[in-house]
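A.B. asks: Input: one structure, supplied below.
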Amino acid sequence: MRGWAAVFACLAVACSVPAPPAGRFADQDVVVAGNGSDATADSGTKEGTGSLHVDGTWAFLNVTSDCEFVLGKAFEVLSYSVGLDKFQSTDGYAFKQVLTTCTMKETPLLGQASIYSQDMIDSLNPHTVYALVNGHEAGAVYIQAPDPSLWGLVMKDPFTDPIPTKKTDSRIRDTDHDGHPGVTIHVGNLCDVYLVQRSVTRSKGTVESAISIRASNIAHADVFRIGATKDICMSQNVDVPMPAYSYLVLKRVDGHDGSPDLDDNRDGRIDCAEIMAHWQDIFTMPRKDDKHCKDISAH
Ligand SMILES: [Ca+2]
Ligand SMILES: [Ca+2]
């Protein structure tokens with residue numbers, strides 16, 4: 001069981017997400033460049049020829065690291081998601097990314113991990129984020145607008161509105177349509193938790209090649225637990241986000257610029273089935289390492 005406090009946020013909401021307010025991109029200066037060993041491990045980064053052509057179909061792997069404290073000992077928990085990412089540019093520099101999350105997983109902590117149902121994942125799709133590059137050659141900066149994501153919740157301003165604190169809050173929605181308020185997270189075989197979450201993710205990184213972009217992530221999440229099938233699941237472990245080991249990798253997968261073409265059935269589009277058939281060839285599977293938490297204290 002873990003705290004979900006930093007489950008990756010580059011995921012969608014049932015409500016519409018507004019365009020990034022002017023000036024918010026400047027906030028990206030707070031992003032710390034990731035230096036986690038896992039963040040540089042995946043393969044294929046040397047592939048790709050020529051300059052970046054933004055428009056096209058990409059795949060993403062997003063990894064969020066947290067150190068969770070259980071009985072005074074810290075363990076790393078990774079949450080990761082994999083999906084499709086359609087880049088659409090206006091001028092080759094500013095663009096929007098329309099994401100479809102295909103899977104969300106979490107590494108177990110003491111044998112238990114959050115399990116996300118397909119209905120839960122589907123409730124987040126599609127999701128739009130906004131990004132910029134300052135060039136098209138390797139080494140150019142890639143930056144995302146702060147990306148709000150709401151689970152089981154609507155807000156007028158997802159950046160500033162307070163998270164609900166009462167079950168009766170009218171902003172709570174059953175977005176995964178399971179009859180329980182908010183979204184349902186299965187905590188291993190232990191219990192189900194009904195919750196709402198607002199998270200904001202900031203990502204900044206580098207164009208590595210025409211077909212590869214890598215960024216660091218900082219995510220902040222506010223969670224309100226509405227209820228659970230067991231009382232123990234209403235509590236939360238102490239949870240320390242680990243931005244140094246949290247990262248986003250984007251890989252072009254539409255066959256252009258030397259990228260793999262994942263359109264296996266040649267229907268002119270790439271879907272989640274095709275992404276899921278190949279994602280472990282494109283990305284390195286994230287692996288937790290409790291040593292990442294050895295110097296972390298709970299407060
Ligand atoms: Ca629900
Ligand atoms: Ca296809």
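A.B. asks: Give me the pairs: first residue in the stretch 182-197 and under 13 Å from Ser123 (Cα atoms) and modelled with pLDDT of 95 or more, second residue crowded, with 24+ Cβ neighbours inside 10 Å and acidic (Asp, Glu), beta-carbon distance under 7 Å, and six or more apart or on different chains, which are they?
C.D. replies: If the second residue must be crowded, with 24+ Cβ neighbours inside 10 Å and acidic (Asp, Glu), the pairs left are Val183/Asp176; Thr184/Asp176.
A.B. asks: List pairs: first residue in the stretch 114-129 and more than 16 Å from ligand 2 (Cβ to nearest atom), second residue among the hydroxyl-bearing types (Ser, Thr, Tyr) and not in a strand (DSSP E or B) anywhere in the structure, Cβ distance under 8 angstrom, at least six positions apart or on different chains.
C.D. replies: Ser123/Thr175
A.B. asks: Taking the conditions exactly as written (surrounded by 19 or more Cβ atoms within 10 Å (Cβ to Cβ), in a strand (DSSP E or B) and of a type outside the set (Gly, Ala, Ser)), does Thr175 satisfy them or not?
C.D. replies: Spelling it out, it is not the case that Thr175 is surrounded by 19 or more Cβ atoms within 10 Å (Cβ to Cβ), in a strand (DSSP E or B) and of a type outside the set (Gly, Ala, Ser).
A.B. asks: Let me ask another. Between a first residue in the stretch 268-284 that is in a helix (DSSP H, G or I) and a second residue that is near ligand 2 (Cβ under 10 Å from one of its atoms), which pairs have beta carbons less than 6 Å apart while being 6 or more apart in sequence or on different chains?
C.D. replies: These pairs meet every condition: Glu274/Leu262; Glu274/Asp264; His278/Leu262.
The values are calculated or read from the model by the stated rules, or taken from the named source; none is laboratory data. The structure displayed is predicted, hence computed values, not measured ones. All Cβ positions, glycine included, derive from the backbone under ideal geometry; neighbour counts span all protein chains shown.
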